[in-house]
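Engineer: Got a structure for you, written out below as structure tokens; questions coming shortly.
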């Protein structure tokens, strides 16, 4: 009888999708920081600034979705 009830519960949980639910990360009191990235993009051969280049930053170890994007100006910044 106990294994029958266990089997029913397993089937119901599988059908309802509870087996695919992951734990959420608790981040109460977790420190955070704002970052500012500075740099200059120059051509390796001519040492001239590169204008109109799309630059993006991705989180290390995370998805490939960029967390910030930008385009270089006439000075390569």
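Engineer: Calculate, for residue 5 and residue 27, the FRET efficiency according to 1/(1 + (r/R0)^6) with r their C-beta to C-beta distance and R0 25 Å; round to the nearest 0.05.
Structural biologist: Numbers: r = 38 Å, r/R0 = 1.50.
Here the calculated transfer efficiency is 0.10.
Engineer: Quick one, which of [x] 18.4; [y] 17.9; [z] 15.4 is the actual Kirkwood radius over Cα pairs in Å calculated for this model?
Structural biologist: It is the one labelled [y].
Engineer: Right, here's the next one. Helix-only mean residue ellipticity at 222 nm, the chain, DSSP H runs n ≥ 4 weighted -39,500 (n - 2.57), per residue, nearest 500. What is it?
Structural biologist: -6500 deg cm²/dmol
Engineer: Same structure, new question: Starting from 0.36 nm per residue, how many nanometres of slack lie between residue 60 and residue 47 once their C-alpha separation is accounted for? Numbers along the way, then the final one.
Structural biologist: Numbers: separation 13, 0.36 × 13 = 4.68 nm, distance 2.91 nm.
Roughly 1.8 nm would be gained on extension.
Engineer: Please determine, in degrees from 0 to 90 and to the nearest 10, the orientation of helix 2-16 with respect to the longest principal axis defined by the Cα atoms of the chain, where the helix direction is its Cα long axis.
Structural biologist: The angle comes out near 30 degrees.
No value in this document is a laboratory result; all are computed from the given coordinates. Nothing here was measured: the structure is a model prediction, and the numbers come from that model. All Cβ positions, glycine included, derive from the backbone under ideal geometry; neighbour counts span all protein chains shown.
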